[in-house]
Amino acid sequence: MAKKRILTGDRPTGKLHLGHYVGSLQNRVKLQRDYDTFIIIADVQALTTHFEHPGNLKNDIFQITLDYLGAGIDPNISTIFIQSLVPALHELSMYLGLIVPVNVLRHNPTIKVEAAQHGFKDMNYGFLGYPVSQTSDICAFKAHLVPVGEDQIPHIELSRRIVRRFNSLYKPVLVEPEALIGKVPRLTGLDGKAKMSKSLDNAIFLADSEKEVQQKVRNAVTDPARIRATDPGHPDICCVFEYHKIFSEDELPVIREECEGGKIGCVACKNKLSSALNTMLEPIRSKRAQLETRPDIIWDILHDGTAKAAAVAQQTVEDVREAMCINYFQQ
Ligand code: TRP
């Protein structure tokens, strides 16, 4: 039997960070052999909030592709493609939009958070409707599984709802997708903020140098009650310990005991964290740097991936047109 499909992706709005890595990128790398994997670089979706700055997109697409390949996405088995260049996606969005009530979009929690973040009072049609466009990204590939971060759950819920509605109204040609959340659904910021994010200016990027990682970890917020290294620490309220839980799992009991017993200071504890992070990031960083010198290879991968994706999506649109009785010239 043919493999099941994965469709997932990101907006190209800058380099990927650790939150992306543990939230979904690791899952994609792990699953790419078991699933027929398609990864969308959602440039149109990026434009729903960044329509005033289209000039950065080309470089952002290049950078995100380096992040994917650096992290271990293998372009020989996974298909990486660019959203705007797949016409069938835009056609499908229009059809799916016919059956989505505006109020459902207005109540989407992720839309609300993002609208507030960007200060949108009067939301543009394209922004409000991007979860419909995202549904066509998924449906065009008849994907079963969507590895994403926690903030995407409302969108996948909407996709499931649209698919059920479409299939019962017309013909069951679409597949109801499921979200797959990574090991860490939401990585908190080292500054104590609710999440790591570029816009909150607290991100450790996959491309950061060893020194940058050390510097960022050095600035992390720890237990405020701890003044001297010999004071007993409270790991359960410490951001650095949160990170050790994820990135230094094996050493965790020792770190807890040393912190609580005032046997390790915050500086040494942070150094342990930056070396764990640097050990993990080093292979990603060096592969990325090596590929960065070969833009021709990157653009070839994107060109071929986009052509392959466009053919698959076109086939689905034909099924959809048939289901909707608008395939006028076919028998
Ligand atoms: N909304 C996703 C993000 O902000 C990007 C995205 C676009 C996506 N289309 C998708 C994710 C389809 C999963 C499936 O990063």
Out of Ile138, Phe81, Ile326, whose Cα points farthest toward the positive end of the dipole of the chain (charges: +1 Lys, Arg; -1 Asp, Glu; placed on Cβ)?
-> Ile326
For Lys263, counting only lysines whose alpha-carbon sits under 19 Å away and dropping same-chain residues fewer than eight positions off, the answer is Lys245, Lys272
Other-chain or far-sequence residues with amide H under 5 Å of Thr79's (modelled H) | Thr37, Phe38, Ile39
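What is the packing order of peptides 4-14, 130-140, 149-159, taking the mean over residues of other C-beta atoms within 10 Å and listing the highest first? Please report the intermediate quantities before stating the final value.
On the way: 4-14: 21.9, 130-140: 26.1, 149-159: 19.4.
My ranking of the peptides, most packed first, is 130-140, 4-14, 149-159.
Starting from the exponent 0.38 and prefactor 2.2 Å, build the expected Rg for the stretch 38-80 from its residue count and divide its actual Cα Rg by it. Let's see the in-between values first.
Details: Rg = 11.7 Å, N = 43, 2.2 N^0.38 = 9.2 Å.
This ratio for the stretch 38-80 stands at 1.27.
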Carbon/sulfur accessible area of the chain, % of total, 1.4 Å probe, equals 54
In debye to the nearest 20, how big a dipole does the chain give about its Cα centre with +1 on each Lys and Arg Cβ and -1 on each Asp and Glu Cβ?
-> 340
With the chain treated as a Gaussian network of Cα nodes joined by springs under 10 Å, which of Gly261, Gly23, Gly119 yields the largest mean-square fluctuation?
-> Gly119
Amide H contacts under 5 Å for Phe120, restricted to residues at least 5 apart in sequence or on another chain and with H modeled in the peptide plane, are none
Towards the positive end of the charge dipole of the chain, with charges on Cβ (+1 Lys, Arg; -1 Asp, Glu), say which of Ala276, Leu66, Thr8 has the farthest Cα.
-> Thr8
Name the residue, out of Phe241, Phe166, Phe51, whose mean-square fluctuation peaks in a Gaussian network model built on the chain with Cα pairs under 10 Å.
-> Phe51
In 10 Å bins starting at 0, how do the alpha-carbon pair distances of the chain split up by percent?
-> 5, 24, 30, 22, 12, 5, 1, 0, 0
HN-Hα J couplings of the stretch 300-313 from phi, Karplus 6.51/-1.76/1.60, θ = phi - 60°, integer Hz, Gly and Pro as x?
-> 5, 4, 5, 5, 5, x, 5, 5, 5, 5, 4, 5, 5, 5
Can you tell me what the convex hull of the Cα atoms of the stretch 249-331 projects to on average, as an area in nm²?
-> 11.5
At a Förster distance of 30 Å, what's the computed FRET efficiency of Asp304 paired with Arg186, Cβ-Cβ distance as r, to 0.05?
-> 0.30
Candidates Glu178, Glu249, Glu258; GNM for the chain (alpha-carbon contacts under 10 Å) flags as most fluctuating Glu249
The set of residues whose placed amide H lies less than 5 Å from the amide H of Glu178, leaving out same-chain residues fewer than 5 positions away, is Leu145, Val146
Please turn the phi angles of the stretch 82-87 into ³J(HN,Hα) values with the Karplus equation 6.51 cos²θ - 1.76 cosθ + 1.60 (θ = phi - 60°), one per residue in order, whole Hz, x for glycine and proline.
-> 9, 3, 4, 8, 10, x
In sequence order, what are the phi-derived ³J(HN,Hα) couplings for the stretch 11-20 according to the Karplus relation 6.51 cos²θ - 1.76 cosθ + 1.60 with θ = phi - 60°, rounded to whole Hz, with x for glycine and proline?
-> 7, x, 10, x, 5, 7, 10, 4, x, 4
Would you mind calculating the gained length between Lys3 and Glu249 on full extension (0.36 nm times residue separation, minus the Cα-Cα distance), in nm to one decimal?
-> 85.3 nm
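The values are calculated or read from the model by the stated rules, or taken from the named source; none is laboratory data. Bear in mind that the values here come from a model prediction, so they are computed numbers and not experimental data. Methodologically, a virtual Cβ is constructed for each residue, glycine included, from the backbone with ideal geometry; neighbour enumeration extends over all protein chains shown. Quick note on the areas: whole protein, heavy atoms, side chains included, nothing else; ligands and nucleic acids left out. Shrake-Rupley method; radii C 1.70, N 1.55, O 1.52, S 1.80 Å.
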